[in-house]
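S.K.: Input: one structure, supplied below.
The values are calculated or read from the model by the stated rules, or taken from the named source; none is laboratory data. Keep in mind that this is a model prediction, so the values were computed, not measured. Cβ sites come from the backbone with ideal geometry, for glycine too, and all protein chains shown count toward neighbours. Ligands, DNA and RNA are stripped out before the accessible areas are found, and what is left, the full protein with its side chains, is counted by its heavy atoms. Shrake-Rupley method; radii C 1.70, N 1.55, O 1.52, S 1.80 Å.
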Amino acid sequence: MCPEVFKERRELDDETKTLTFRGLEGHVMEQLKVYEANFQFIPKSEDGCICKITLNWEKHNDEFPDPSNYMKFIKSLAADMDDHVINTFITMHHHAPSLFRLSSNKLFN
């Protein structure tokens, strides 16, 4: 299986604490007119937050399937970010409170 190509533009909004990945080119854009993944980090305590994930897409036509494989990819990307944050915190502080927990687990199951 050939790896997929995805060219994106990343946008950071410090005010809303949002990271947006906007699809520009690649395999996903062959099926979709719009592909946008938003990660909004909502502070819950001094050392923790929740990540709200919103995936917006528009298909070129109804013949294409919903992008469920890309939804799974976004979920795994968020889980990787969670692991990275926790491992970084462990390295720095030798213990790991719940820094970053996905509020979107039920969206993709």
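S.K.: With each label point set 7 Å from Cα along the Cα-Cβ vector, what nm distance links SER76 and THR16?
M.R.: 2.8 nm
S.K.: Another question, if that's okay. Tally Lys and Arg at +1 and Asp and Glu at -1 over the other residues with C-beta under 11 Å from the C-beta of ARG9: what net charge comes out?
M.R.: On the way: positive: LYS7, ARG10, ARG22; negative: GLU8, GLU11, GLU25, GLU36.
Result for the local shell: -1.
S.K.: Suppose accessible area is computed on protein heavy atoms with a 1.4 Å probe; arrange CYS51, CYS2 from highest to lowest. All intermediate terms of the calculation are to be shown ahead of the outcome.
M.R.: Numbers: CYS51 0, CYS2 100 Å².
Output order, biggest surface exposure first: CYS2, CYS51.
S.K.: Let me ask you something else. Between the stretch 58-75 and the stretch 14-57, what is the separation of their alpha carbon centroids in Å?
M.R.: 15 Å
S.K.: Now for a separate question. What number results when the radius of gyration of the stretch 1-53, computed over Cα atoms, is divided by 2.2 N^0.38 Å?
M.R.: Values: Rg = 14.3 Å, N = 53, 2.2 N^0.38 = 9.9 Å.
Against the empirical 2.2 N^0.38 Å value, I get 1.44 for the stretch 1-53.
S.K.: I need the GluC sites (Glu not before Pro) found in the stretch 19-91, filtered to DSSP loop residues with at most 14 other beta carbons within 10 Å of theirs. Show your work: numbers first, answer last.
M.R.: Details: sites: GLU25, GLU30, GLU36, GLU46, GLU58, GLU63; in loops: GLU46, GLU63.
For GluC sites (Glu not before Pro) across the stretch 19-91 that sit outside H, G, I, E and B with at most 14 neighbouring Cβ atoms in 10 Å, the list reads GLU46, GLU63.
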